[in-house]
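Peer 1: Quick one: the structure is below, questions incoming.
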Amino acid sequence: MNLVSDWTSEEGITEEEKIYYYQKAGKIAYEVLDEVKSMIKPNIPIINVCETAENLILEKGADGLGFPTNVSIDNIAAHYSSPYGDQSVIPNDGIVKLDIGVHVNGYIADTAVSIPLSNTYKNLVKAAEEGFRSGMEIIQAGTLPSVIGKQIEETILSYDYRPIRELTGHKLGRYELHGDKRLPNISVPYDPAEGDLQVGEAFALETFASTGTGSVHEVSGSKFIYMLLPRRIAIRNPVSRKIYSTTYQRYKSLPFAERHLTSFDGFNQSRVRFTLRQLLNGGGAIAYPPLADEKGSYVAQHEHTFIITEEKGVIVTTKPPFEFTVPENLGSKSNESQ
């Protein structure tokens, strides 16, 4: 098995096709988020929310998940996705971030919304939304990420909340959730080597507003999301090799949840955990623990995906209007396969 693969290759994919894949993924992501956010009510099992979203993504015609569905509550800013058998439920009060990812032929839609469980957190949600809006207002080909971060920070601070320093928007690539450019939530010093946004590039712009310190830490002892690295790992046990091979084929270089390998792929839970430990210890995978601001704080998130095009400028792919058609050559390929 060669992990140095052509997952991210765009050879043979036209610009028209690429934009179509991003838009199709975005439409699915919007529809799923719109349906699933109504589930966010007290005492609903978090795992039900995660699995409902993930099943809907596949039912609506996506090629796969962009990443495991995140349902992060209160001071947890990101990366909580239910483990297998999760007994956690939506609380009676607080704020819930619902973050979903979709891919079509490896092209990703990443979108998130915050749901306040009482009026107490509505202004916090608005701060994250307005931070996002202010950043999007200045985005075009040639915009510098540092300028976007300054705009977002000033907007969120105007609501008397803090942006999260360590969490950023990110460039998207084919089967690549985090590319080589970041869109910060804060002002950062100008760097002469800083790359501006360019035509043909896609990004997820995500903004975070917090009542806490504005800095997140990893929650110790919690690892629910993983990602394979492009490195061959020798695994002797035949069951573990099968788990590794399935993970490689199904998820490629995109994040996946431990529970996916048990719930979706049917592997024994203890064997899955054993295999993941082998991969982590051997440098064949990395883990993404939940990230949290200080205890007692609350964090809101808002996120959409966009692509910069030559003809239409900036297209936000994860919100209406969804004005796109199947490229003629893709339609021909589809008809030929029937």
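The values are calculated or read from the model by the stated rules, or taken from the named source; none is laboratory data. Every value quoted in this text rests on a predicted model; they were computed, and no experiment measured them. In this analysis, Cβ positions are derived from the backbone assuming ideal geometry, glycine residues included, and neighbour counts consider all displayed protein chains.
Peer 1: Residue pairs, Cβ under 9 Å, 6 or more apart or interchain, first in segment 224-244 and closer than 20 Å to residue 176 by Cβ and touching a residue at least 12 places away in the same chain (Cβ under 8 Å), second surrounded by 20 or more Cβ atoms within 10 Å (Cβ to Cβ) and among the charged types (D, E, K, R). List them.
Peer 2: Between residues of segment 224-244 that are closer than 20 Å to residue 176 by Cβ and touching a residue at least 12 places away in the same chain (Cβ under 8 Å) and residues that are surrounded by 20 or more Cβ atoms within 10 Å (Cβ to Cβ) and among the charged types (D, E, K, R), the close pairs are 225/258; 226/258; 228/252.
Peer 1: Take segment 183-202 and flag every residue that is closer than 30 Å to residue 94 by Cα and out of contact with any helix residue (DSSP H, G or I) (no Cβ under 9 Å at 6 or more places or on another chain).
Peer 2: Those that are closer than 30 Å to residue 94 by Cα and out of contact with any helix residue (DSSP H, G or I) (no Cβ under 9 Å at 6 or more places or on another chain): none in segment 183-202.
Peer 1: Out of (1) in the same structural domain as residue 26 (by TED's automatic domain parsing); (2) over 29 Å from residue 76 (Cβ atoms), what's the single condition that is false for residue 302?
Peer 2: Just one mismatch for residue 302, condition (2).
Peer 1: Being over 23 Å from residue 298 (Cβ atoms), touching a Gly at 6+ places or on another chain (Cβ under 7 Å) and crowded, with 22+ Cβ neighbours inside 10 Å: is that true of residue 106 here?
Peer 2: Details: over 23 Å from residue 298 (Cβ atoms): yes; touching a Gly at 6+ places or on another chain (Cβ under 7 Å): no; crowded, with 22+ Cβ neighbours inside 10 Å: yes.
Spelling it out, it is not the case that residue 106 is over 23 Å from residue 298 (Cβ atoms), touching a Gly at 6+ places or on another chain (Cβ under 7 Å) and crowded, with 22+ Cβ neighbours inside 10 Å.
Peer 1: Among what's in segment 87-103 and is part of a loop (DSSP other than H, G, I, E, B) and in contact with a helix residue (DSSP H, G or I) (Cβ under 7 Å, 6 or more places away or on another chain), pick the residue that is surrounded by the most Cβ atoms within 10 Å (Cβ to Cβ).
Peer 2: Ranking the qualifying residues of segment 87-103, first place goes to 90.
Peer 1: Name every residue in segment 31-41 that is under 20 Å from residue 204 (Cβ atoms) and surrounded by fewer than 22 Cβ atoms within 10 Å (Cβ to Cβ), in order of residue number.
Peer 2: Within segment 31-41, 31, 34, 37 meet the criteria.
Peer 1: What is the residue count in segment 144-192 for residues that are of a type in the set (Ser, Thr, Tyr), touching a residue at least 40 places away in the same chain (Cβ under 8 Å) and under 21 Å from residue 108 (Cβ atoms)?
Peer 2: Adding up the residues that qualify gives 1.
Peer 1: Here's another thing I want to ask about it. I need a count of the residues in segment 189-231 that are over 25 Å from residue 23 (Cα atoms) and buried (at least 18 other Cβ atoms within 10 Å of the Cβ).
Peer 2: 11
Peer 1: Also: Can you name every residue in segment 211-222 that is touching a residue at least 60 places away in the same chain (Cβ under 8 Å) and out of contact with any helix residue (DSSP H, G or I) (no Cβ under 8 Å at 6 or more places or on another chain)?
Peer 2: Within segment 211-222, 212, 213, 214, 215, 216, 217, 218, 219, 220, 222 meet the criteria.
Peer 1: Also: Taking segment 34-64 on its own, how many of its residues are basic (Lys, Arg) and more than 17 Å from the chain's Cα centre (by Cα)?
Peer 2: The number of residues fulfilling the criteria is 2.
Peer 1: Another question, if that's okay. Of all residues in segment 48-69, count the ones that are in contact with a helix residue (DSSP H, G or I) (Cβ under 8 Å, 6 or more places away or on another chain) and either more than 30 Å from residue 174 (Cβ to Cβ) or in a strand (DSSP E or B) (or both).
Peer 2: Total satisfying the criteria: 6.
Peer 1: Got at least one residue in segment 117-126 being in a strand (DSSP E or B) and touching a residue at least 24 places away in the same chain (Cβ under 8 Å)?
Peer 2: no
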